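The block underneath contains the structure these notes are about, expressed in structure tokens.
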Amino acid sequence: MLHAASADDEQTIEQLAAETDEKPETVTGAAFALAEAGLLDVTEEERSAVSLTEEGAEYAEDGLPEVRLYRAAVEAGAGDDAIEMGQAIGRSGLGGPLVNIALSNYARKGYGSIERGQITAEPDADPDADAEAVALAAIEAGEDVTDESVLDQLESRGLLERTESTRRSVTLTEAGITALMEGVEVAQTVGQLTPALLTTGEWRDVEFAEYNVAADAEETIGGSVHILRQTANRVKDVLVGMGFQEMQGPHADAEFWINDCLFMPQDHPARTHWDQFALSNPTEIHDLPGELLERVRDAHLHGVGESGEGYHSPWSEDVARGIDLRGHTTSLSMRYLSGYQTGELEPPQRFFSVEKVYRNDTLDSTHLLEFFQIEGWVMAEDLSVRDLMGTFTEFYEQFGITDLRFKPHYNPYTEPSFELFGHHPETGELIEIGNSGIFRAEVLEPLGVEADVMAWGLALERLLMLMYGFEDIRDVHGTLCDLDLLRNTEVLH
Ligand code: PHE
């Protein structure tokens, strides 16, 4: 290293590694050791580097799909008049997902328009000056690209990755130069004490390398419990600590438990395939408790009590027997409250579950087709909304969330009802974290419950968002997970 380093020219670890034919780790270790001895100066510079993803490298080679489409469209005459899109696509040689990628970037970049199966090509567009293509080629060639907006665009298209790294450079110090002039002697140092060294007694004569605790070590990444699971476990602990028992039950259940017991009219929009997933095999559950079924039917048709009103709309047992993936775990609350799951329950009682639910939602940053719901209910005499608010305040405090907001709401099964909101720690936005209320008589009477029952469904993922500040639910679920977040976040509460 001393021989390879220079007093005037800064050299990077990579350059020195190439020159000395040693591994960069070895050179780094030597550089630190020599710096420690005052013979070298090591300077560090934080750098962000960009590299092409596989897809980016493919486009650097073959051209961006939209550029290929543009060239093909021009060749096919779309510069003069709109032509059939199929013609341009055929000529471009684009296939599979590349077609959609080309189409979704074509108009954005001003290459022309795509309308009703017709494509035009803007005669003045210059594909050779396409900023994204130029940047891809430059990165491929190892050149620097400084236009951040183009880099951002390429990153959001998944064509490049940014990595942060430390670049270390080395120069000889005065003392290093002196040492070199006096002559350095190369001594082999031993990095590890072996049985052979011990038995032969050679250990007495060799020189041992010193440990450099400041050197970068290779990062090893072990497995760990997913933060969603860690938080679910923490939620369970907290609720058990608050005197709750855990409910268990089927993910795919009769609509009876999911909807009918909850006084959801059978023609309620949330009971259509727009909202819920039905099973095609098996389609029905046969063993529904007969008497309860009758009482629930009666509540739907006529309501409960003297002045009760039902929905005056048809109610069919076939619909109630249909099997759906549960859209909420309130189905479990119905199973338990009715006594069906574990027998009659005398107040006071507290139950919870932290389980998956399934909804036919549109995917976005706060919605997935499945998520975890923190379900819970308390059965006792004379409960009020204050009891509910107090329970939430106590529960969320355990997770450091102390600024809950409540908003009146409507559920077919609770009255009063309210939604819960919390502030997102990064954006400050109020986000909905749960829904709750006090079960109405139309729910409780058929179930045979005489005491009051307050109940809720909270979203575990939203709790996580408030705890850790991430903004997209897909950071913790599915294939787009933020691995760094999963690896490095510890559940502290
Ligand atoms: N089932 C409701 C939901 O999924 C939550 C809830 C449960 C509300 C119990 C009130 C009572 O949004």
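The values are calculated or read from the model by the stated rules, or taken from the named source; none is laboratory data. Because the structure is predicted, anything quoted here is derived from the model rather than measured. Please note: Cβ atoms are built from the backbone with ideal geometry, for glycine as well, and neighbour counts cover all protein chains shown. All accessible areas refer to the heavy atoms of the entire protein, side chains included, with ligands and DNA or RNA removed. Shrake-Rupley method; radii C 1.70, N 1.55, O 1.52, S 1.80 Å.
At a 1.4 Å probe, what is the % contribution of carbon and sulfur to the accessible area of region 278-346? Show your work: numbers first, answer last.
Working: 1760 of 3580 Å².
Its accessible area is 49 percent carbon and sulfur atoms.
Ranking H251, I101, T26 by Cα position along the charge dipole of the chain, where only Lys, Arg, Asp and Glu carry charges on their C-beta atoms, puts H251 farthest toward the positive end. For GluC sites (Glu not before Pro), the sites in region 146-195 that DSSP calls loop and that have at most 15 other Cβ atoms within 10 Å are E185. Here's the picture: charge each Lys and Arg Cβ at +1 and each Asp and Glu Cβ at -1 in region 369-431, and of M379, G400, I431 the one pushed furthest to the positive end of that dipole is I431. When +1 charges are put on Lys and Arg Cβ atoms and -1 charges on Asp and Glu Cβ atoms, the dipole computed for region 162-245 relative to its Cα centre reaches about 900 debye.
Cα extents for the chain along the principal axes, largest to smallest and rounded to whole angstrom: 107, 80, 43. Once C-alpha pairs closer than 8 Å and six or more residues apart are averaged by separation and normalised to the residue number of region 402-475, the relative contact order reads 25 percent.
Sorting the segments 124-132, 72-80 by their residues' average number of neighbouring beta-carbon atoms within 10 angstrom, most packed first, yields 72-80, 124-132.
Bridges between two residues of the chain, per DSSP, are antiparallel at a rate of about 95%. Dipole size of region 364-493 about its Cα centre, with +1 on Lys/Arg Cβ and -1 on Asp/Glu Cβ: approximately 80 debye, rounded to the nearest 20.
With the cut-off at 1.5 for a/c, could you classify region 1-48 from its C-alpha gyration tensor as rounded, prolate or oblate? Taking the square roots of the gyration eigenvalues as a ≥ b ≥ c, region 1-48 is rounded. This model, with +1 at the C-beta of Lys and Arg and -1 at the C-beta of Asp and Glu, gives the chain a dipole about its Cα centre of some 1920 debye. Stokes-Einstein, applied to the Kirkwood radius of region 250-355 over Cα pairs at a viscosity of 0.692 mPa s and 37 °C, places its translational diffusion at 227 µm² s⁻¹.
Determine the per residue accessible area of the chain with all protein chains present and a 1.4 angstrom probe, expressed in square angstrom. Let's see the in-between values first.
Values: 26490 Å² over 493 residues.
Heavy-atom accessible area per residue stands at 54 Å².
For region 405-463, state which chymotrypsin sites (Phe, Trp or Tyr not before Pro) are in a DSSP loop and have at most 12 other beta carbons lying within 10 Å of their beta carbon. Intermediate results must be reported in sequence, preceding the final value.
Details: sites: F406, Y410, Y413, F418, F421, F439, W456; in loops: Y413.
Here no chymotrypsin sites (Phe, Trp or Tyr not before Pro) fit, given the DSSP loop and packing criteria.
As a rough guide to protection, the peptides 89-96, 370-377 ranked by mean Cβ packing within 10 Å, highest first, stand as 370-377, 89-96. Run the accessible area of region 1-83 with a 1.4 Å probe and give the carbon-and-sulfur part as a rounded percent. Within region 1-83, the accessible surface is 42 percent carbon and sulfur.
Taking the charge dipole of the chain about its Cα centre, with +1 at Lys and Arg Cβ atoms and -1 at Asp and Glu Cβ atoms, the residue from A215, L458, L136 reaching farthest to the positive side is L458. Restricting attention to region 350-435, which trypsin sites (Lys or Arg not before Pro) occupy a DSSP loop and are surrounded by at most 13 other Cβ atoms within 10 Å? Listed in order of number, the matching sites amount to none. The Cα-based radius of gyration and maximum Cα-Cα distance (Dmax) for region 116-182 are 22.5, 81 Å. By definition, a body whose alpha carbon gyration tensor gives a ≥ b ≥ c is oblate when a/c is 1.5 or more and a/b is not larger than b/c, and region 153-226 fits this oblate description.
Could you give me D for region 199-251, from Stokes-Einstein at 25 °C and 0.890 mPa s, where the hydrodynamic radius is the Kirkwood radius over C-alpha pairs? Units µm² s⁻¹, please. It comes out at roughly 142 µm²/s.
Please give the FRET efficiency for S224 paired with E19, using the beta carbon to beta carbon distance and R0 = 56 Å, rounded to the nearest 0.05.
Values: r = 40 Å, r/R0 = 0.72.
So, using R0 = 56 Å, E works out to roughly 0.90.
Summarising the amide proton neighbourhood of R167: residues at separation of 5 or more, or on other chains, whose placed amide H is nearer than 5 Å comprise E45, E46, R47.
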